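Notes follow once the structure below has been shown.
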Amino acid sequence: MKSFNLLVRKYILLWALLAMVVGYLAGRFNETRVISLRFLITPLLFCMVFIMVFPTSLRSLAKLKDYLYPMAVSFLLFLLGPFIAYAVAGVIPQRFGFMRTGIVISSTVPPNAMLSAWTGFLEGDILLTLIIQSFTFMVWVFLVPFGFSLFFGKSSYFSLTLLLKNLFILIVIPFLIAVCLKRLFRRWMNEELLSRIKPTLSTLSGIIELFIILISVALSAQIITDNPAIIAWGVCTSAFYYAVSFAVSISLTRLFRITQEQSIPLIYENGTRNLSIAMVVAITTFRGEATLGVAACIISQFPVAALFYTILRRSGGYSR
């Protein structure tokens, strides 16, 4: 299973591109069958989120008091992310406004498990990554309605009521079910077991996400056909957003004199967003085409993170 997990993660960009190509071809030449698969999206989203949050533990928050200063910077970066995305995505033509929406949505969600991976590669503070992931997830659930109202309140396709309902059904309920199941079976589901199965669960969640991308692109095939430059706009803009986010994060960690080990998770916080959650929000609360913006972020997020990994390693300040 370990080799399978590595295979999926190593070639995630290839799988994402393949899902988009297959989705486009399916939607272009067999639209009727694709439309019939629309009903699968909601249950798939529910399963994806449940699998993703099941191994999550909030125990790391008990150590929050030991990291108040770096967490203050983390919270600042978390708040800055959507404003950076909104400014950068402004270059996208108005007719591709849904692509802009998807990129902004992608900038609001908390970081995923890759934050710990990149931090480990660069010998940063792993405990801080766990605190950031837990803290930002809790904060995101409460702040996202206000943030989306700020950015999309005047948009005809945004509904705060719908957002709150979907957050409860597709985010809060899976999280609560996961907590209850772990308590019910806590004799068998200890932290050691959850740590062992976490990579496999992440892989399963990623596979479901790829299938959702396939269906979403298939449903938007006609729009892509009419506007062939749309994917290029999305990928280039989202890549630029991540590059700017990394530059801002590096600058702020140096400005606030964060230690080398603690600066790594802060630098990668906005560059490792949990795009599975972004996909949930895009599909359920906005027009379906907004998922193309999230898909563009999925394609560009990892390469930009890898680029800055190389830069940080070669700079000499983040390696031993």
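Sequence neighbours fewer than 8 away in the same chain don't count; with that in mind, list the aspartates and glutamates whose C-alpha is under 18 Å from LYS65. Qualifying aspartates and glutamates at Cα under 18 Å: ASP125, GLU261. Take 116-124, 302-310 and order them by the average number of nearby Cβ atoms within 10 Å per residue, most first; the result is 116-124, 302-310.
In summary, the aspartates and glutamates within cross-link reach of LYS182, defined as a Cα separation below 16 angstrom excluding same-chain residues under 8 places away, comprise GLU191, GLU192.
Listed values for the stretch 140-147 are Karplus-derived 3J(HN,Hα) couplings in whole Hz (6.51 cos²θ - 1.76 cosθ + 1.60, θ = phi - 60°), namely 4, 4, 8, 8, 4, x, 6, x, and x replaces Gly and Pro. For the listed peptides 33-40, 80-87, a ranking on the average number of other beta carbons within 10 Å per residue, highest first, reads 80-87, 33-40.
Between LEU115, LEU275, LEU181, the GNM of the chain built on Cα springs shorter than 10 angstrom shows LEU181 fluctuating the most.
Ordering CYS236, THR136, ILE177 by the projection of their Cα atoms onto the charge dipole of the chain, which places +1 on the Cβ of Lys and Arg and -1 on the Cβ of Asp and Glu, puts ILE177 at the extreme positive end. The relative contact order of the chain, computed from alpha carbon pairs under 8 Å that lie at least 6 residues apart in sequence, is 38 percent.
Among the chymotrypsin sites (Phe, Trp or Tyr not before Pro) in the stretch 184-239, those located in a DSSP loop and surrounded by at most 12 other Cβ atoms within 10 Å of their own Cβ are PHE185, TRP188. The trypsin sites (Lys or Arg not before Pro) of the stretch 211-286 that DSSP puts in a loop, and whose beta carbon has at most 14 other beta carbons within 10 Å, are ARG257. Please compute the net charge surrounding ALA178, taking Lys and Arg as +1 and Asp and Glu as -1 over other residues with Cβ under 13 Å from its Cβ. In short, +4. Between amide H atoms placed 1.01 Å from N, distances below 5 Å from GLY271 occur with no residue 5 or more places distant or on a separate chain. For a paramagnetic label modelled on ASN30 (point 7 Å from Cα along Cα→Cβ), amide N atoms under 16 Å away belong, within the stretch 208-243, to 211-212, 214-221. What's the center-to-center distance, using Cα atoms, between the stretch 280-306 and the stretch 227-277 in Å? The stretch 280-306 and the stretch 227-277 have Cα centres spaced 14 Å from each other. Extension gain for VAL22 to MET138 (0.36 nm times residue separation, less C-alpha to C-alpha distance): 38.2 nm.
Here, each number is a calculation from the coordinates, and none is a lab measurement. Keep in mind that what you see is a predicted model, and the values were worked out from it rather than measured. No Cβ is skipped: glycine too gets one built from the backbone with ideal geometry, and neighbour counts run over all protein chains shown.
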